[in-house]
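One structure below.
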Amino acid sequence: MKKIFASITVALAGVTTVIPAAHADEIVVTGYGALMTGGPIAVAMERGEFKKRGVDITAVQGSVGGGTTLRNMFGGNLPYAEVSTAAAIAAFNEGFDIRIVANSIRTLEDLFWVTMPNSPVKSIKDLVGKRLSFTAPRSISETTSNMALEAAGIKLESVTRLALGAVGAGLAALEQGGTDAAMINEPLFSARPGRYRVVFDLSNLPRMSQTVGVTTTEIMKSSPQKIRGIIEARRAAYDFIVANPEEAGRLIAKRYGDTLPVDVSIRAVKHLLEIKYWSAGNIEMNGMDAMAKALERTGSLKGPVDWNKLIDRSFLPADLRN
């Protein structure tokens, strides 16, 4: 976390000029164009939901992680970003002018661990004496896999746990016999039907808020209607996805382009609706607290989060404020 926000600080150091106003019509979303995190935003763009509410969003920037997303938002004076809850908390604690104004992804259940179809590992219990991979030490993937093992009554020392880097590296190791269970997420899982068998997911753990919608107090004061319009447009897109998953899958694939085939997008949307992946925007404190506890476990967070200062529900539709 400190490395992520050191990079933001360096990027912003010495910035004294105001970014041209045209950039205010862009927003940034972690994983947009590659992961399903940006599904509602893609649908909102395709259906013109922003323009219906008087907000002219000309482009959506994608980014590979929370630090990059926030650097793009601050450096480009962008009005809104969807970023990992962990990054939002870390930025706030580092003193950045940031506020959570909506929920985005309400669970981590899109992360699950798979093995090869012919593997003797049939369930999480079978990982005793075997190897399990995650992305990096002190990452959410390490933390949640450890929590899943403990919830199943498995001592951590009885499983060989391997930090293998990116998701693709873990899956490559799995296919080459270098691990017995590797993490995967959507839409990669839907892109490889039948290639792997699920060993365990995170459905037995407390639901943890994965990403949130954020802005700054400066934007909240100068452009409140823009923030409300963005949140309302995303909520309308969320409702459309729930009611029309196949059409939503096609719209997301169209917006994402060649990176996401239509059939894969539709399968991923249906799966993510099953696990109630996307949020309508309402901020669920149980999920926020559960994520904070997970971050405490990684050592990324010391002590409680001042949610009263970090969260502002006033831009949400009235029915989503409780």
Of the criteria (1) assigned to a loop (DSSP other than H, G, I, E, B); (2) out of contact with any Lys or Arg (no Cβ under 8 Å at 6 or more places or on another chain), which one residue 144 fails: (1)
Cross-chain or 6+ apart pairs with Cβ under 8 Å, the stretch 237-265 first and acidic (Asp, Glu), then buried (at least 23 other Cβ atoms within 10 Å of the Cβ) and part of a helix (DSSP H, G or I): 246/269
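Being acidic (Asp, Glu), closer than 24 Å to residue 169 by Cβ and either crowded, with 18+ Cβ neighbours inside 10 Å or modelled with pLDDT of 95 or more (or both) is the requirement here; does residue 201 meet it? Step through it out loud before you land on a result.
Working: acidic (Asp, Glu): yes; closer than 24 Å to residue 169 by Cβ: yes; either crowded, with 18+ Cβ neighbours inside 10 Å or modelled with pLDDT of 95 or more (or both): yes.
Yes; evaluated as a whole, the condition is true for this residue.
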Looking only at the stretch 274-316, and only at residues there that are more than 23 Å from residue 92 (Cβ to Cβ) and exposed (fewer than 15 other Cβ atoms within 10 Å of the Cβ), the one that is farthest from the chain's Cα centre (by Cα): 274
Residue in the stretch 221-235 that is in contact (Cβ under 8 Å) with a residue 12 or more places away in the chain, under 14 Å from residue 278 (Cβ atoms) and surrounded by fewer than 17 Cβ atoms within 10 Å (Cβ to Cβ) present: no
Options 273, 316; residue that is closer than 19 Å to residue 40 by Cα and in contact with a Gly (Cβ under 9 Å, 6 or more places away or on another chain): 316
Condition check for residue 270: assigned to a loop (DSSP other than H, G, I, E, B), surrounded by fewer than 23 Cβ atoms within 10 Å (Cβ to Cβ) and in the same structural domain as residue 54 (by TED's automatic domain parsing): no
Odd one out for residue 196, checked against (1) outside the structural domain of residue 268 (by TED's automatic domain parsing); (2) within 17 Å of the chain's Cα centre (by Cα): (2)
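Is it true that some residue in the stretch 294-301 is at pLDDT below 95, outside the structural domain of residue 137 (by TED's automatic domain parsing) and polar (S, T, N, Q)? Steps first, answer last, please.
We begin by selecting, within the stretch 294-301, every residue at pLDDT below 95; these are 294-301.
Cutting the leftovers down to outside the structural domain of residue 137 (by TED's automatic domain parsing) gives us 294-301.
Still in the running and polar (S, T, N, Q): 298, 300.
Yes: the stretch 294-301 contains one or more residues that are at pLDDT below 95, outside the structural domain of residue 137 (by TED's automatic domain parsing) and polar (S, T, N, Q).
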Residue 136 being surrounded by fewer than 22 Cβ atoms within 10 Å (Cβ to Cβ) and out of contact with any strand residue (DSSP E or B) (no Cβ under 8 Å at 6 or more places or on another chain): no
Residue in the stretch 225-240 that is within 16 Å of the chain's Cα centre (by Cα) and not in a helix (DSSP H, G or I) present: no
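May I ask you to verify whether residue 281 is touching a residue at least 12 places away in the same chain (Cβ under 8 Å) and outside the structural domain of residue 72 (by TED's automatic domain parsing)?
Details: touching a residue at least 12 places away in the same chain (Cβ under 8 Å): yes; outside the structural domain of residue 72 (by TED's automatic domain parsing): no.
Against the criterion (touching a residue at least 12 places away in the same chain (Cβ under 8 Å) and outside the structural domain of residue 72 (by TED's automatic domain parsing)), residue 281 does not qualify.
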Pair list, Cβ < 9 Å and 6+ apart or interchain, from the stretch 141-170 residues that are loosely packed, with under 13 Cβ neighbours inside 10 Å to residues that are assigned to a helix (DSSP H, G or I) and of a type in the set (D, E, K, R): 153/125; 156/150
Residue that is farthest from residue 39 (Cα to Cα) [pool: residues in the stretch 251-266 that are in contact with an Asp or Glu (Cβ under 9 Å, 6 or more places away or on another chain) and not aliphatic (A, V, I, L, M)]: 254
Some residue of the stretch 179-189 being outside any strand (DSSP E or B) and over 27 Å from residue 291 (Cβ atoms): yes
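Does residue 94 satisfy the criteria of being crowded, with 24+ Cβ neighbours inside 10 Å, under 25 Å from residue 298 (Cβ atoms), acidic (Asp, Glu) and in contact (Cβ under 8 Å) with a residue 40 or more places away in the chain? Spell out how you get there, then give the answer.
Details: crowded, with 24+ Cβ neighbours inside 10 Å: no; under 25 Å from residue 298 (Cβ atoms): yes; acidic (Asp, Glu): yes; in contact (Cβ under 8 Å) with a residue 40 or more places away in the chain: yes.
In short, no.
The values are calculated or read from the model by the stated rules, or taken from the named source; none is laboratory data. Since the model is a prediction, treat every value here as computed from it, not as a measurement. Using ideal geometry, Cβ is built from the backbone for each residue, glycine included, and neighbour counts are taken over all protein chains shown.
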